[in-house]
């Protein structure tokens with residue numbers, strides 16, 4: 001799923017709406033501060049202490065705005081397969097050749113490891129230095145399902161550039177279904193506080209062409225000159 | 001109940017006034033709501049300054065990449081004690097303590113209901129604060145699991161040491177204290193109103209406290225259950241090998257954890273409403289719809305907790321997104337009242353008004369970003385990042401604290417009989433106005449660019465240096481403003497200038513009595529005036545104007 005695309009659309013629209021509301025409210029506020037100074041005014045601009053028809057009309061308008069924002073939120077959450085909590089049910093909609101490639105990702109204090117079902121290939125690292133960060137290799141252009149779990153405390157798998165995040169729990173597996181349309185390498189972080197070296201729990205996700213991915217899963221190493 | 005009903009409850013007998021003793025013992029054994037309220041507020045101010053100091057140290061650590069001001073463990077203790085301290089020991093007591101001091105005065109009652117229970121609440125709060133903070137005196141340091149203390153991290157397997165035990169005990173004590181205090185103030189507002197003070201003649205502030213205390217009663221028991229789960233896990237950490245307990249704890253905790261956010265917000269909405277009306281020289285606009293929206297807001301607040309858990313994969317995200325976004329309806333109606341009061345007023349700008357006016361756009365930033373993070377597709381990116389840190393600091397520091405300071409400067413002359421120095425107060429305001437925005441605005445950018453919350457340092461290549469430096473400089477302005485605030489209070493006490501009974505031209509009953517009010521709030525020299533609306537003193541002046 002294209003988390004980044006959905007995020008950019010929804011967040012972009014919300015920022016415009018928020019900016020409009022903020023400018024309107026602040027504009028009215030500043031206008032009142034300038035025009036209604038006691039020095040400038042002998043009497044109140046208006047004396048009414050309530051105006052029920054206006055208040056009710058505004059409440060209805062707010063209800064409409066809320067309805068629109070709820071629709072925006074829910075419909076886009078559905079585009080993301082409900083944040084993938086229902087991924088297993090949705091996979092049945094995928095064509096037989098397009099079943100996702102599963103990557104088992106395990107968080108621990110304080111780094112990450114990855115395993116590839118049906119293969120002895122594993123990825124790990126210490127996260128102590130940038131050079132020791134694990135690189136989780138995935139195929140480009142094919143649905144990938146991360147199966148996230150933890151060995152100890154709660155962590156969270158976050159790839160900021162791809163706008164995707166999911167918590168990793170002990171004794172529980174969360175899934176995250178996504179497709180990498182391009183090859184590349186992205187920095188990932190742990191975003192759920194997990195103890196002393198939480199700050200160091202960085203990793204990479206690297207998408208490579210499917211053939212190179214197959215070679216990686218079989219040999220445990222990317223072929224020389226692999227795409228970055 | 002109609003507005004013309006003559007009285008709400010039976011008038012209480014007012015014992016003959018006596019001079020109150022001023023020894024420490026007299027204060028800590030007082031049964032006067034004003035003294036218990038001032039003890040609560042004073043304790044919370046001292047804690048705000050010391051716990052704010054933890055934040056300044058953290059900002060120093062984050063000013064540039066890879067600094068060594070604090071070790072990772074010490075940093076983790078500091079953010080835990082900053083967050084949990086500000087929430088449990090500062091903002092919640094501000095909210096409940098302000099209500100305790102003011103509600104009996106505003107409704108013309110001689111005292112709070114069950115004053116001894118209320119005083120017990122203060123002792124529990126004080127004991128809880130000392131217990132929580134005493135973790136710093138242990139060899140392994142204070143608790144370092146974050147203010148919501150998720151297991152299994154908060155269990156003995158991953159965080160041994162007495163800091164966490166003390167934290168759990170302290171939170172339970174302070175939470176129980178706040179629960180007792182909120183209950184007695186709610187009781188007071190419901191059954192101890194004076195002759196003529198019907199429910200729909202209670203000032204907006206008192207209504208905001210009623211809504212607040214309803215939420216406390218609904219939510220705080222859940223906090224105690226959550227602390228019970230953590231305590232069980234301290235004894236037997238094996239329970240946290242089972243996911244049910246971990247995710248179950250999160251649900252129980254956030255069932256408390258979201259309503260408490262509005263507990264730390266509502267009384268300041270009420271305070272801002274009173275200040276805007278008085279310094280706008282007019283009756284507050286939209287009283288009834290504001291009351292309805294406060295109650296609706298409080299009711300809805302009990303159904304939104306799962307929006308803290310969108311990324312857990314174990315919450316019904318659509319439902320919590322729906323209920324959370326619906327909050328914009330009551331919130332929007334409250335803003336309608338703010339703006340209409342300002343648009344229809346003749347405005348004066350002493351310090352309380354400055355803080356109240358700044359509250360409106362600054363809290364709005366917190367509210368608008370709140371709608372964004374109530375949207376799962378957005379929250380999957382920004383949750384647990386600095387975007388969230390920016391969001392709630394706009395609601396709590398740039399918002400609620402501005403409302404608190406508006407109330408502090410407004411009611412200080414009433415509570416002490418002393419005038420504060422306007423020029424120092426205004427300098428405090430301007431340092432805080434610039435300081436909050438400089439500190440918290442860059443955090444939105446940092447979160448969107450990948451900075452997780454609660455990291456003790458970052459690398460040069462992360463590119464977070466400039467924005468963090470701006471935030472740190474902003475926090476320096478907040479520190480200067482806070483020093484000015486303290487100086488103002490000290491100067492006003494050391495070189496007193498007597499405050500009149502009603503220095504501002506207030507509308508509500510507390511301004512009809514002396515400054516400070518007598519032990520039973522009103523006496524023969526300061527009787528409760530007739531009450532015909534939510535602004536009785538304004539009615540009185542309007543009547544005199546006509547005569």
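The values are calculated or read from the model by the stated rules, or taken from the named source; none is laboratory data. Bear in mind the structure is a predicted one, so any value in this text is a computation, not a measurement. So basically every Cβ, Gly included, is an ideal-geometry build from the backbone, and we count neighbours across all protein chains shown.
Looking across B:333, B:322, one residue alone is in contact with a helix residue (DSSP H, G or I) (Cβ under 6 Å, 6 or more places away or on another chain), at the interface with chain A (Cβ under 7 Å from one of its Cβ atoms) and touching a residue at least 12 places away in the same chain (Cβ under 8 Å). It is B:333. Among the residues of segment B:335-355, those identified as in a helix (DSSP H, G or I) and more than 24 Å from residue A:71 (Cβ to Cβ) are B:337, B:338, B:339, B:340, B:341, B:342, B:343, B:351, B:352, B:353, B:354, B:355.
Would you confirm, using the coordinates I've provided, whether residue A:41 is facing chain B (nearest Cβ under 8 Å) and either closer than 30 Å to residue A:145 by Cα or touching a strand residue (DSSP E or B) at 6+ places or on another chain (Cβ under 7 Å) (or both)? Answer is no for this residue.
When residues in segment B:142-171 are screened for being part of a loop (DSSP other than H, G, I, E, B) and farther than 18 Å from residue A:109 by Cβ, 3 of them pass. Within segment B:369-380, the only residue that satisfies the criterion of being closer than 16 Å to residue B:445 by Cβ and either modelled with pLDDT under 95 or under 20 Å from the mean Cα position of the chain (by Cα) (or both) is B:369. Checked against (1) under 30 Å from residue B:452 (Cβ atoms); (2) crowded, with 17+ Cβ neighbours inside 10 Å, residue B:511 passes all but condition (1). It is to be established whether one or more residues within segment B:416-425 are in a helix (DSSP H, G or I), facing another protein chain (nearest Cβ under 9 Å) and surrounded by fewer than 24 Cβ atoms within 10 Å (Cβ to Cβ). No; the residues of segment B:416-425 include none that is in a helix (DSSP H, G or I), facing another protein chain (nearest Cβ under 9 Å) and surrounded by fewer than 24 Cβ atoms within 10 Å (Cβ to Cβ). Being modelled with pLDDT under 90, within 15 Å of residue A:177 (Cα to Cα) and touching a helix residue (DSSP H, G or I) at 6+ places or on another chain (Cβ under 9 Å) is a condition met by no residue of segment A:124-140.
Taken over segment A:159-186, residues that are facing chain B (nearest Cβ under 7 Å) and not in a loop (DSSP other than H, G, I, E, B) amount to 6.
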